[in-house]
Amino acid sequence: MSTCCQSYKTWIAGFLLGAATVGAALTLPGPKQAVAVNRVATPQEFSVAVREVAKLVLPGIVAIETIGAPQPEAEMADPFGDEDSPFRRFFGDDPRFKEMLKERRKVQRPPQQGMGSGFVIDASGIIMTNNHVVADAKQVKVKLADGREFIATDVKTDPRTDVAIIRIEGATNLQPLALGNSDQMQIGDWVVAIGSPFGLDLSVTAGIVSGKGRARGIAEREDFLQTDAAINPGNSGGPLLNLSGEVIGINTAIASRSGGYDGIGFAIPINMANWVGEQLVKSGAVKRAFLGTSIQPVTSELAKQFKVDVGSGAVVSQVMPSSPAAKAGVEPGDVIIGLNGEAIRDPRSLQGVVERLNVGQTYPLEVVRDGEKKTLDMTAEEMPSTFNREMLVGKSIQRGSTLGSEFGLSLKNLTPELSKQLGLEGPGVVVTSVEDGSPASTEGVQTGDVIERVANKPVTTLDDIAAVLKESQTSEGVIFHLKNASGKRFVVLKPKNAK
């Protein structure tokens, strides 16, 4: 048993603690060939590394307390409301007592209070944190690591990324943290998270980067680093650091059923946060370029239809009129694979490239259209402040034609009355019902979706769809272009009897 335990300890030291490489290479025998790796750090060496990071950065990390606006008066329950109430039995219905108690039942709610973390990025008193830590606060108090406290004199936020900048004045000897390169972080890299969870000042936890490019529906622009370093309420806004003591993310959220640490946390990559922070410091607002399209990932089914590689590029499902994309000649069904010389992997990578373009400058936009590569010239424009998507409200529509039943669809020509009901302009064919468990249901087609194209051909009537389906090899799947109040998208539907 002791030999087994000792071997296990040796294996743990070798497997987990790969932060520092020391000495000569070792050779691990394999079934077919040897693999050369560097000797990994010992547990003691790794412990020293984390300790040195904490020692280096703790002076630059702050705790944040916020006080919100006064809450409206609340009113306690009416003691005369219950027929069996002792007040009613004792006082009867005497209106004098009712009026007196009514006034005393009014309670002034205290202002909402919150807590979070942040870190110094400039010795002049500039601190970075999360937008949700300071949003709507009437007062922001900053507590430094040495115990000094200051009231923030300026707060600038960017809700789209959940990044905020606050400024304090009169603080001397501030120690700003060094910012790293979040793009260089790899899954498995060790990281350290520091913040004030549950009001406990400057707590340190360690873990690894568990994933990259995560989206959780927390902010409009998301490209989170995922980590298993413990993050709890109050950690928000604190730094996620590499073992060189550089900030590579802002601790932002957790995935939890209990409300506490469940092993999955998310951090805003510092490359994105720094770009946002620089603009907030300079102008108090973030200016972004935009393309003016709705986009979706290239799934395996869409890849076959559009003749591109799976997981490469972003499919354009909608082009806004008069947008930069429309002016450049982008069309629905184009697959964007490159912009300004950078390869596009998915919708998030496209958003990341687009928003940082210089407004007014023209860039090469590479697309695949009908299996052929094309390069378009796209001039970047500033994103309107109102740029957002409306959510679709479910509609009840009278059942229509059985055309499309092989996919689980019931369809109907889009009449002016239906257009008004759905809030969508025609022409087109509307989905009136979706069969449970059908291919259409599996792909998320909904009642109220309007079909604009089938097999990449425009359709405006049921007859158009019938003609296209007659010419198509439906067994391999047919691509449908759908729109609703929240946007447009492509889906590939196979017949119910397809194998």
Picked from segment 219-235 (must be in a loop (DSSP other than H, G, I, E, B) and under 17 Å from ILE270 (Cβ atoms)), the residue nearest to the chain's Cα centre (by Cα) is GLU222
Filtering segment 151-180 down to residues that are part of a strand (DSSP E or B), more than 13 Å from VAL120 (Cα to Cα) and not hydroxyl-bearing (Ser, Thr, Tyr) yields ILE151, ASP154, VAL155, LYS156, ASP158, VAL163
For ASN251, are the conditions met, namely being at pLDDT 90 or above, under 24 Å from VAL155 (Cα atoms), surrounded by fewer than 24 Cβ atoms within 10 Å (Cβ to Cβ) and assigned by TED's automatic domain parsing to the domain that holds PHE198? no
Between LYS483, LYS457, LYS470, which is without any contact (Cβ under 8 Å) to a residue 24 or more places away in the chain and under 28 Å from THR293 (Cα atoms)? LYS457
The correct count of residues that are closer than 30 Å to VAL155 by Cα and aromatic (Phe, Trp, Tyr) in segment 282-328 is 1
Modelled with pLDDT of 90 or more and under 23 Å from ALA219 (Cα atoms): is that true of VAL393 in this structure? no
Taking first residues from segment 422-441 that are closer than 19 Å to PRO321 by Cβ and modelled with pLDDT of 80 or more and second residues anywhere that are β-branched (Val, Ile, Thr) and in a loop (DSSP other than H, G, I, E, B), the pairs with Cβ under 8 Å that are 6 or more apart or on different chains are GLY428/VAL459; GLY428/THR460
Assuming SER419 fulfils every condition listed in (1) modelled with pLDDT of 70 or more; (2) under 33 Å from the mean Cα position of the chain (by Cα); (3) not in a helix (DSSP H, G or I) apart from one, which condition is it? (3)
Please determine, by comparing only the residues of segment 163-216 that are touching a strand residue (DSSP E or B) at 6+ places or on another chain (Cβ under 8 Å), of a type in the set (A, V, I, L, M) and over 27 Å from GLN279 (Cβ atoms), which one is surrounded by the fewest Cβ atoms within 10 Å (Cβ to Cβ). ILE187
Residue selected from segment 122-152 under the condition among the small types (Gly, Ala, Ser) and more than 15 Å from GLU278 (Cα to Cα), by the criterion modelled with the highest pLDDT: ALA152
If you check every pair at least six apart or on different chains, which have Cβ atoms under 8 Å apart with a residue in segment 321-347 that is farther than 15 Å from LEU302 by Cβ first and a residue that is assigned to a strand (DSSP E or B) and among the acidic types (Asp, Glu) second? SER323/GLU381; PRO324/GLU381; ALA328/ASP377; GLY338/GLU366; LEU339/GLU366
Can you work out which of the residues in segment 186-217 that are in contact (Cβ under 8 Å) with a residue 60 or more places away in the chain and within 13 Å of the chain's Cα centre (by Cα) is nearest to ALA49 (Cα to Cα)? GLY213
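The values are calculated or read from the model by the stated rules, or taken from the named source; none is laboratory data. These figures come from a predicted structure and were not determined experimentally. Cβ atoms come from the backbone with ideal geometry, glycine included; neighbour counts cover every protein chain shown.
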